[in-house]
1. Return the residue satisfying two criteria in turn: it lies in segment 25-50 and is small (Gly, Ala, Ser) and in a helix (DSSP H, G or I), and of such residues it is surrounded by the fewest Cβ atoms within 10 Å (Cβ to Cβ).
2. If you take the residues in segment 216-254 that are modelled with pLDDT of 90 or more and outside any helix (DSSP H, G or I), which one is nearest to Phe186 (Cα to Cα)?
3. Testing Gly181 on (1) loosely packed, with under 13 Cβ neighbours inside 10 Å; (2) assigned to a helix (DSSP H, G or I); (3) not charged (D, E, K, R), one condition comes back false. Which one is that?
4. Being more than 18 Å from Ala230 (Cα to Cα) and not in a helix (DSSP H, G or I) is the filter here; which residues of segment 146-167 pass it?
5. Mind listing whichever residues of segment 73-131 are hydroxyl-bearing (Ser, Thr, Tyr) and farther than 22 Å from Gly51 by Cα?
6. Which condition from (1) at pLDDT 90 or above; (2) over 26 Å from Ser226 (Cα atoms); (3) not small (Gly, Ala, Ser) is the one that Phe93 breaks?
7. Please list, ordered by first then second residue, the pairs with beta carbon atoms under 8 Å, 6 or more apart or interchain, first in segment 163-184 and of a type in the set (A, V, I, L, M, F, W, C), second assigned to a loop (DSSP other than H, G, I, E, B).
8. Give me a count of the residues in segment 92-119 that are within 12 Å of the chain's Cα centre (by Cα), on the phi < 0 side of the Ramachandran plot and not in a helix (DSSP H, G or I).
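The values are calculated or read from the model by the stated rules, or taken from the named source; none is laboratory data. In this text the structure is predicted, and so the values were computed from the model without any measurement. Here the Cβ positions follow ideal geometry from the backbone for every residue, glycine too, while neighbour counts run over all protein chains shown.
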Amino acid sequence: MTVQQQRPDPVPGIPAESPRRHREEQRFLEGAQGRGFELRHLFRVISEYAGAIRALHFLGPCVTVFGSARFDESDPAYASARAIGAGLARAGFTVLTGGGPGIMEAANRGAREAGGTSVGCNIMLPQEQLPNPYLDKVVTFRYFFIRKVMLVKYSFGFVAMPGGLGTLDEVLETTTLMQTGKIRDFPVVLVGHDFWDPIVDVMRDDLLARGTIAAADIERLYLTDSPEDAVNYIQQAAFRRFGLRYELRRPRRRWFLFE
């Protein structure tokens, strides 16, 4: 695999979602609306979905790093994510994150410092979330579900750092997609025994004991405290399971599609 390096101008700040547009999203989730409202919403979703696919099509093999936006440089998890981002970049992967601060920033920063490609899928929220300054490419989303699809679609593996509800949602949704056969057994690495062990214990001692999940669902999760171990596991799994090669062929750009 090769890393296509890009060095655009710094990413400008992206304004917060307007109160009107935020209210429209709330209204959509409140049941059936007028046909005109529903049609406008459908076209906005299609437009955002198509734009995201177009923007991310040429990234090459990616690894997505999940984690909290609320950690700063003083937190040990920030340093671990930075080292993981650098290791993934040196292994030839594009580092893909949610594009925000905290763990996302750390992983993107490590990738940038190692000379790799650093990409963010930022989300527009009522409270402003600016893209971090270590992105070579940023795609901003209004809809969480489209953003989550893109973070999975282009990735050959996933690294989950400590985080909050969003991180837990992303990890559980990804493993559910594997459990139900929607995606193949992609490597999922949970970094930080102190954070993840109690959660895995609940899965093993409660969910597995009650028969609501299978042992294979837990075995898909690889726990470690070592950034080097996390990168090595992702790299070996990607080569073994998906046959990635350092000479991996990238999609060709088509002039008639204005690519």
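1. Gly36
2. Arg220
3. Of the numbered conditions (1) loosely packed, with under 13 Cβ neighbours inside 10 Å; (2) assigned to a helix (DSSP H, G or I); (3) not charged (D, E, K, R), the odd one out for Gly181 is (2).
4. Tyr154, Gly164, listed by residue number.
5. Within segment 73-131, Ser74, Tyr78, Ser80 qualify.
6. The single condition Phe93 does not satisfy is (2).
7. Here the result reads Leu177/Ile183; Met178/Arg184; Met178/Asp185; Met178/Phe186; Met178/Arg220, each pair linking segment 163-184 to a residue that is assigned to a loop (DSSP other than H, G, I, E, B).
8. Within segment 92-119, residues that are within 12 Å of the chain's Cα centre (by Cα), on the phi < 0 side of the Ramachandran plot and not in a helix (DSSP H, G or I) number 8.
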